[in-house]
1. I want to confirm something. Restricting to the range 220-229 and keeping residues that are modelled with pLDDT of 95 or more and touching a Ser or Thr at 6+ places or on another chain (Cβ under 7 Å), which single residue is surrounded by the fewest Cβ atoms within 10 Å (Cβ to Cβ)?
2. How about the range 222-272: which of its residues are under 22 Å from the mean Cα position of the chain (by Cα) and outside any loop (DSSP other than H, G, I, E, B)?
3. Quick one: which strands (runs of 3 or more DSSP E) sit completely within the range 21-72 and have at least 2 residues that are hydroxyl-bearing (Ser, Thr, Tyr)?
4. Could you check how many residues of the range 67-77 are in contact (Cβ under 8 Å) with a residue 40 or more places away in the chain and out of contact with any Phe, Trp or Tyr (no Cβ under 8 Å at 6 or more places or on another chain)?
5. Scan the range 122-139 for residues that are outside any helix (DSSP H, G or I) and touching a residue at least 40 places away in the same chain (Cβ under 8 Å) and jot them down.
6. Among the candidates THR95, THR85, THR57, which residue alone is farther than 14 Å from LEU124 by Cα and over 17 Å from the mean Cα position of the chain (by Cα)?
7. Which numbered condition trips up ASP204, out of (1) charged (D, E, K, R); (2) crowded, with 16+ Cβ neighbours inside 10 Å; (3) free of Cβ contacts under 8 Å to residues at least 24 places away in the same chain?
8. Which of the residues belonging to the range 97-118 are out of contact with any helix residue (DSSP H, G or I) (no Cβ under 7 Å at 6 or more places or on another chain) and either under 20 Å from ILE67 (Cα atoms) or free of Cβ contacts under 8 Å to residues at least 60 places away in the same chain (or both)?
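The values are calculated or read from the model by the stated rules, or taken from the named source; none is laboratory data. Not measured: the values here are computed from a predicted model. Note that we place each Cβ from the backbone using ideal geometry, even for glycine, and neighbour counts take in every protein chain shown.
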Amino acid sequence: MPELPEVETMCRGIACFRGEVIATTQFPRLTQKPSPINPPPKNMAAKLHHARILDITRLGKRAVLRIRKNEDDMDSFLVFEPRMTGLLLRVSPPTHQHVRLIVKTKQKHPLIFWDRRGLGTITLFDKPRFESRFGSHAIGPDALIISGTTLYKRIQPSRRYIKVALLDQKILSGVGNIYASEILHEAKIDPRTRCHRLTQSACDRIAAACSRILHQAIKFEGSSIGDETYRTADNRPGRYQRFHKVYGRSENECFRCSTTIKRIVQLQRSTFFCPQCQHRF
């Protein structure tokens, strides 16, 4: 699943569409599972026709196009949530049978949303609905900028495991399974630690690790693992998987202390950690 670094990389890759006017919007007919699209394709195409793309930003693990059709109109927000296999591309897609949306502008290549499994969503929000759905009451602070103090306040009352808490987008937005394991290894904290046992100092380390790990992952354009479904906007694999310290490395030696990396299951998801240099509170 694309996490913060992958979605940030996609947004940067399609930044060339900022300021462009949408000429046509196409939703190819599919024999595959259709993607959830709201409003329905015909209505969305009419609303997007001749709208200008004012900005392209990331919101947690979502890509957001802020658009406006007429000068006096209120802004609208086209939100892409890639989920498992969704990609935003500005070049030819990996396959043509999984193209869900084609947005054409004056750019040489169209903006394409491709999704092999069809779990990703495409939603057009007006401003009030967007603010209601994605306000600070609904999603947590962005993982790139969260402070240790804020993290401590948000998780301290909880008795959940810290790894599970980091996946909760209402606590912290943008972190998924890969980077939660990597962040906790960087912070030297055992993923089985209960949140209420963590000190302010420990939360400071987690917040600092969030910034370091996620910025580095963005630098290397995200992680392409397994079948390398994740691709950048110009259809290249990410490179950060080469630098994973624990994720996917069970039974290999920890790069820091040479202890064998362990894999456990938390909330039906794999967690990877070093039992020696990650401390349990």
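1. So, considering only residues that are modelled with pLDDT of 95 or more and touching a Ser or Thr at 6+ places or on another chain (Cβ under 7 Å), the one surrounded by the fewest Cβ atoms within 10 Å (Cβ to Cβ) is GLU221.
2. TYR240, GLN241, ARG242, PHE243, VAL265, GLN266, ARG269, SER270, THR271, PHE272
3. 24-26
4. 2
5. Within the range 122-139, ILE122, THR123, LEU124, PHE125, ASP126, ILE139 qualify.
6. Of the residues listed, the single one that is farther than 14 Å from LEU124 by Cα and over 17 Å from the mean Cα position of the chain (by Cα) is THR95.
7. Condition not satisfied by ASP204: (3).
8. Those that are out of contact with any helix residue (DSSP H, G or I) (no Cβ under 7 Å at 6 or more places or on another chain) and either under 20 Å from ILE67 (Cα atoms) or free of Cβ contacts under 8 Å to residues at least 60 places away in the same chain (or both): ARG100, LEU101, ILE102, VAL103, LYS104, LYS106, LYS108, HIS109, PRO110, ILE112, PHE113, TRP114.
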